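Worksheet for the structure shown next.
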Amino acid sequence: MGMYVAYAYFSMRNFDVRSTELGGDLILPILGLPARVHVIDRPTVLTALTVAILVAAALGAAVYGLVFRPLRHAPPLARVVASLGVFLYLQSVMALRVGQSGGGAVSLRLDSLLPTDAVYIGSARVPQYAFVLLGLAIVLTFVLSLVFRLTRFGLATRAGAEHETGLMLMGISPSRLGFANWIIATVTAGLAIILFAGVSGRLDPLDTSLLIVPALAAALIGGLSSFGATLASAVVISMAAGALGTFQARADWTGDWLPRGGLAAALPVIVIIVAITWRGPKLPMRESLVEGRPPAAPVPYRPVPVALVLGALALMALFTLEDLWRLAIVVSMIAAIVGLSSVVLTGYLGQISLAQYAFTGLAAFSTAKLALEGVPFPWAPLLAIALTVVVGVLVGIPALRVRGMTLAVATLGAAVAIEQLVFASPELNGLSGVPRPRLLGIDLGFLGQGRDSFRPEFGVLVLTALLVCALGVANLRRSSTGLRWLAVRSNERAAAASGIDVRAAKLGAFALSSGLAGVAGALLAYELPALSPQQFIVVGGLAVLALCYLGGIAAISGAVVAGLLASGGVLTQLQGGTTGSTSATQFAVSGALLVVVVIFAPDGLAALAARGARRLQRKQT
Amino acid sequence: MSRPEVLLDIRGLHAGYGEVEIVHGLDLRVHAGEVVALLGPNGAGKTTTLRTVSALLPLLAGEVDVLSVSLRPRVRGTRGVGPTVVARAGVAHVPEDRGLFFGLTGREHLRLAARRGDHAAVDEVLAAMPHLAAVVDRKAGLMSGGEQQMLAIARALVARPRLVMLDELSLGLAPIVVQQLLPLVRGLAREHDLGVLLVEQYVTAALAVADRAHVLFNGRVVLTGEAAALLGDQDRIARSYLGLAE
């Protein structure tokens, strides 16, 4: 919980600070308030920077006070999800605000401040400002590490990361420290983003937010506690990325299928995951034991009758409602299967994975590719699911050695690697015309002709898959395997000590959960008219975890709720079915809602509803 | 002769965790220069009392005045002052788990605990504890149990407190170490006119250094007396530990 985590977290969403630089206007990241406030008439770089730094500081204080201070005793999962909420909120609001004021990306130049002449090192051309930036980074690193090593403030911060009560008994307030550290973190990250944008000359919310992956990776190499090591690894990572980019552009053995820039983006991340995995302990140390209560994992209530009733209802809806509703129901059911994959892995076993949607995408692309190559229906999806399980287990290997926040970053890195190496491949762009699934002579395809454009037969296929998956997960929760997984979730050391094979539990959960994600992906391949990489971007994985947490991360009903809430699903259809200009606002609202749920109802909406129902029942009797 | 100042005044304290009340109506006073022992079997409410005085736990009922601070919330239903306020008023609480930071060296602990600008404090405390001085530049996580306990006490003293509360000083320590530490505490109380509230399982050792003692059983005081008198009548203490009426 120390300062460094805050530091790492924050580079993630601090990109909004950048836009304070525009024409003397300040963009307010609060819904309901005017989009812009005029601050300075004729901003110079210096005054604009000052305003930006003040805004960054205020933002840091606000986020800590409103979100992370209330969550300071919550388990890591809650804090990860809360940061996703903040991320979602800020990103959507900024997209909305910057979009409103013309142009998605904003150009911003600091050329006047930095020398742009080139220097040659060997045959490589390096602009002078690179050295200036590196120098700045070194100075900043040096100052920060001096502050944290030598001052009372730094001592107290390091102490508070370990034992908050100990600090309070010495008369030092942990919240005040928290505020100070968050402000330092946001200002640092804000400055970095401003410099980055100033050099690259463009600002695009998505672009800057994905900077988080290499940044976090660098911080992880530094063990989240060394400024120097973080700086050094950051420099090495970015240089390696540059070199790999050049290498791939020149080498001809890599083939056409490999996306351009794929190696540069993916390899450093993979190397880092391997490095932190290799270094991590097999069992958690004493200081990293989970604190706070994990979300409730209720034993499913009479799964077979409930499944029969809900299944019959869904069947009726599929055959009687109009085709747009049919589409919405199918989308929701597939999303619910993705949700189940998170329930198994994150809910039951407590491993935070941000790669679930990447698994879904992988299965979707492989199914489509295999089917297009002529593999017949039940085999194409089955092969694709098997492949996804293999990849899922590989991605799960880091979980044997790293946990919590670090694992979340490692899986995020894996998702980025899958995206950069596979989805971005030119061979996979715009796959369409996937052959219709046929079983025993029955056409199970989704798209029909004329009025009946979405055929209910495909809905039956999806419903069957969902029911089988849900009943399987319900059975798992009631079995001794499920109990073992829950034991690992609440205390890995104690579980290992009582004879539970933690390795087997983790790899098993990754296999099962990537398999579930794979089922959803295979269905998506037949549901979507065309597949494109944009459908499976990394942010999708964040949204999956967020939605599942909203529904209830450790309950099957939570996955169903997540499916209903999913974009394009039943809730969207209820609201009138349009996803367009309003969706950014929706994202922003759901981000804020997510934070509220994490703080006030950590068991999710499904549990909230169940509790309400029980209370009502008690009142009636 | 003027009576010594009252540092801690507990009247009718009810304390506990959430809805579970552990301490039911405790009265206790600690004067300056006095060592008071709080004895009793596991679950009697000793640690709960200390944690409540430090404001780590909310007051369920009753009144606690500790130094210049009153723990009763000014507005009913709100939380009163926080632990940082109590600590700053001059209370040093050494909790049962010692509350050390394993990643920091001993000297860093002392620097952090000393008041701003009070550079002499660290040297004074280390001069009084030569055993600690020898290992003070090690990380706390690498110290032995006894060294850690000494560090915890040193950290409490370096802030120049008026009232020191020690929770289970002897926990996990060899008896010989305890017999060094307790007289040290006694000496410091006399020298600096400190009040000391000592929670202890090791009854004879505690009574040997204390002025007065209270025995708690199931959240109530069942026996109170001068330490010297109780030391001579250990049968009564044994009976009180077993919850037998006198």
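FYI, it's all coordinate maths here, none of it is from the lab. A quick note: this is a predicted structure, and the numbers were derived from the prediction, not measured. Here the Cβ is made from the backbone with ideal geometry for all residues, glycine too, and neighbour counts use every protein chain on show.
At-a-glance table
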{"read-out": "Gyration tensor (alpha-carbon) shape descriptor, region A:363-432, a/c threshold 1.5", "value": "oblate"}
{"read-out": "Label point at B:ARG115 placed 7 Å out along Cα→Cβ; residues across region B:126-170 whose backbone nitrogen lies under 14 Å", "value": "B:157-163"}
{"read-out": "Sparse-neighbourhood loop sites, chymotrypsin sites (Phe, Trp or Tyr not before Pro) in region A:344-416 - DSSP loop, at most 11 other Cβ within 10 angstrom", "value": "none"}
{"read-out": "Region A:298-579 - convex hull of alpha carbons, volume per residue in Å³", "value": "124 Å³"}
{"read-out": "Per-residue ³J(HN,Hα) for region A:370-383, Karplus 6.51 cos²θ - 1.76 cosθ + 1.60, θ = phi - 60°, Hz, x for Gly and Pro", "value": "4, 5, 5, 7, x, 6, x, 3, x, 7, 4, x, 5, 4"}
{"read-out": "Residue-span extension gain [A:ILE138 to A:ASN491] - 0.36 nm each, minus C-alpha spacing", "value": "123.1 nm"}
{"read-out": "Dimensions (Å) - region B:16-113, Cα atoms, principal axes, largest first", "value": "40, 34, 31"}
{"read-out": "About the Cα centre, charge dipole magnitude for chain B (Lys/Arg +1, Asp/Glu -1 at Cβ), debye", "value": "680 debye"}
{"read-out": "3J(HN,Hα) from dihedral phi, region B:13-21, Karplus parametrisation 6.51/-1.76/1.60, rounded to Hz, x for glycine, proline", "value": "6, 10, 9, x, 10, x, 8, 8, 8"}
{"read-out": "Under 14 Å, Cβ to Cβ, from A:PHE179 - net charge with Lys/Arg +1 and Asp/Glu -1", "value": "+3"}
{"read-out": "Total formal charge among the other residues, if their Cβ is under 9 angstrom from that of B:LEU112, Lys/Arg +1 and Asp/Glu -1", "value": "+2"}
{"read-out": "Inter-label distance for B:ASP65 and A:ASN475, nm, one decimal - labels placed 7 Å from Cα along Cα-to-Cβ", "value": "7.1 nm"}
{"read-out": "Selection of trypsin sites (Lys or Arg not before Pro), region B:35-107, meeting DSSP coil and at most 10 other Cβ within 10 Å", "value": "B:ARG74, B:ARG76, B:ARG79"}
{"read-out": "Label-reachable residues, region B:213-246, where backbone N falls under 18 Å from a point 7 Å from B:THR204's Cα toward its Cβ", "value": "B:227-241"}
{"read-out": "Percent breakdown of C-alpha pair distances by 10 Å bin, ordered from the shortest bin, for region B:1-44", "value": "22, 44, 25, 8, 1"}
{"read-out": "Charge dipole (debye, nearest 20) of region B:160-246; +1 at Cβ of Lys and Arg, -1 at Cβ of Asp and Glu", "value": "140 debye"}
{"read-out": "Other-chain or far-sequence residues with amide H under 5 Å of B:ARG220's (modelled H)", "value": "B:HIS24"}
{"read-out": "Test item: Cα-centred dipole of region A:298-579, Lys/Arg +1 and Asp/Glu -1 on Cβ, debye", "value": "860 debye"}
